[in-house]
Amino acid sequence: MSSGVLDLSQMPAVFEWDEQCKVNDYLIARYQVSSTLPPNETALGMAMEQSAATTQINGYVEPQSLAPWTIRVRSYKKLPEPAVTSVVPYQLATEVYGAPEGVTSSLYLIELAIPYRLLAGKSGQLMNVLVGELPRLGFLTSFSLVSAPLHDGIWPGPGFGVSGLRELLNIPKGPLLCRSMRPAVGLDLATMARLNHDVLCGGFHLVKDDELQVFPDNSVYETHVMAMIEARDKAIKKSGEKKAYLANLICEPDELEERWEICLNHGVDGVLVAPFIQGIGILSQLAYRRVLPILAHNSGGDLSFRNHFWGINESVLASWFRSLGADWWVTPGNSGQPQQNLEEVQSVLLSGREIGSSDAPMMPILQGGKSPSGLPDYRQTIGNDDFMLIVASWVDRYPKGLKAGAQKFRQAIDKLII
């Protein structure tokens, strides 16, 4: 970037939307931001920061040569609501900052058109380009990416989705019941296997590794997977029902491929990954293989969306997860609870199963203190029975024991779908 502050009051042509721009060549993103700059300068600064901030170097760079690569400003407007000042503004002497305007912020809705060539079909580029260093811009005092629908056909989409999961698990209807392996740390392998076996025999459909389980090397990981598979198979034989085990693939990059092969070799039914920790590209990396269903875990995610004035709207992330290939995803933390904002929750849910998209709908996951008595509320929240419950506390504390608790919960599920 240059060392001088430029006058951004006039929009350079290469950052303007015009009739020569074709909508299908762009991802249209909408941001709600508070800024100390006027709306046009704020929008232009954002477009420049994430594409071609330097447009003129005599003898080297001319603006028009960059035109196919620049983010275009589609619209901007000041909103009537008061600005949010979540952070303290600051000023830098670079092209994207414009003239200093003081510290008073206004709230704007800004629409930017991001050329798909900037993304190159790469999942990681979604975060890199649509978010990247935008939250670092000193003139922004609040930042939220509120809409960024992806075109179909560029990324893999779910390999299984709701119907594929039901076929794989032989569960034609009703919510799925899954216990996460708790306690996640400190428990010996034999006891964990026994817990899995008993909750499956009691009627749960699946068990899954907890996201916090740690394996110091791939040999220990393989021993764990084999023990869980053995417990699953014994439960299948005893119950006469299909049962499933989802393995934890939250690991270091250099461990991933070997652990994936371990899962395939031993007959794992699905895997869980953490896109916010491992990078969002982990989803498409595995989804393109079309071998095992993928659970996109929410670990680390609330940093991006719990504060509505700083981050990425949860609906945007649900839509991205679906496009990138997740089969299961975790819904907002208060989903199905009395304190939920039903309209907001259902807006996020809609993003996971967008009507009209060619991608299969993901299966939403409800977790956190779920019980049989809440089933009607969970069904009302989701709008149907295509969801999975992750339950541990209720069955773990059931007075007559874990297996009896699993039976009680399963009976409630079966009554729900009669």
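Some values worked out for this structure:
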read-out	value
Test: residue in the range 165-183 that is assigned to a loop (DSSP other than H, G, I, E, B), of a type in the set (A, V, I, L, M, F, W, C) and either out of contact with any His (no Cβ under 8 Å at 6 or more places or on another chain) or within 30 Å of Gln91 (Cα to Cα) (or both)	yes
Pairs where the first residue, in the range 48-73, is closer than 17 Å to Ala29 by Cβ and at pLDDT 85 or above and the second is part of a loop (DSSP other than H, G, I, E, B) and of a type in the set (Gly, Ala, Ser), C-beta under 8 Å, 6+ apart	Glu49/Gly132; Gln50/Gly132; Trp69/Ser51; Trp69/Ala52; Thr70/Ser51; Thr70/Ala52; Ile71/Ser51
Selection status of Leu169, at pLDDT below 95, outside the structural domain of Pro293 (by TED's automatic domain parsing) and among the hydrophobic types (A, V, I, L, M, F, W, C)	no
Which numbered condition Arg179 misses (of (1) in contact with a Leu (Cβ under 9 Å, 6 or more places away or on another chain); (2) charged (D, E, K, R); (3) not assigned by TED's automatic domain parsing to the domain that holds His297)	(3)
The range 259-278, subset under 17 Å from Ala326 (Cα atoms) and among the β-branched types (Val, Ile, Thr), residue surrounded by the fewest Cβ atoms within 10 Å (Cβ to Cβ)	Ile277
Answer residue from the range 290-349, given it is in a helix (DSSP H, G or I) and among the hydroxyl-bearing types (Ser, Thr, Tyr) and is surrounded by the fewest Cβ atoms within 10 Å (Cβ to Cβ) among those	Ser347
Of the criteria (1) out of contact with any helix residue (DSSP H, G or I) (no Cβ under 7 Å at 6 or more places or on another chain); (2) among the charged types (D, E, K, R); (3) assigned to a helix (DSSP H, G or I), which one Asp152 fails	(3)
Single residue of the range 350-371 satisfying the filter (aliphatic (A, V, I, L, M) and touching a Phe, Trp or Tyr at 6+ places or on another chain (Cβ under 6 Å)) that is surrounded by the most Cβ atoms within 10 Å (Cβ to Cβ)	Met362
Selected residue (criterion: surrounded by the most Cβ atoms within 10 Å (Cβ to Cβ)) from residues of the range 76-128 that are charged (D, E, K, R) and assigned to a loop (DSSP other than H, G, I, E, B)	Glu95
Index of the failed condition, Leu256 passing every other in (1) assigned to a helix (DSSP H, G or I); (2) buried (at least 22 other Cβ atoms within 10 Å of the Cβ); (3) within 21 Å of the chain's Cα centre (by Cα)	(2)
Of all residues making up the range 110-139, the number that are free of Cβ contacts under 8 Å to residues at least 12 places away in the same chain and among the charged types (D, E, K, R)	1
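The values are calculated or read from the model by the stated rules, or taken from the named source; none is laboratory data. Here the structure is a predicted model, which means the values were calculated and not measured. Cβ sites come from the backbone with ideal geometry, for glycine too, and all protein chains shown count toward neighbours.
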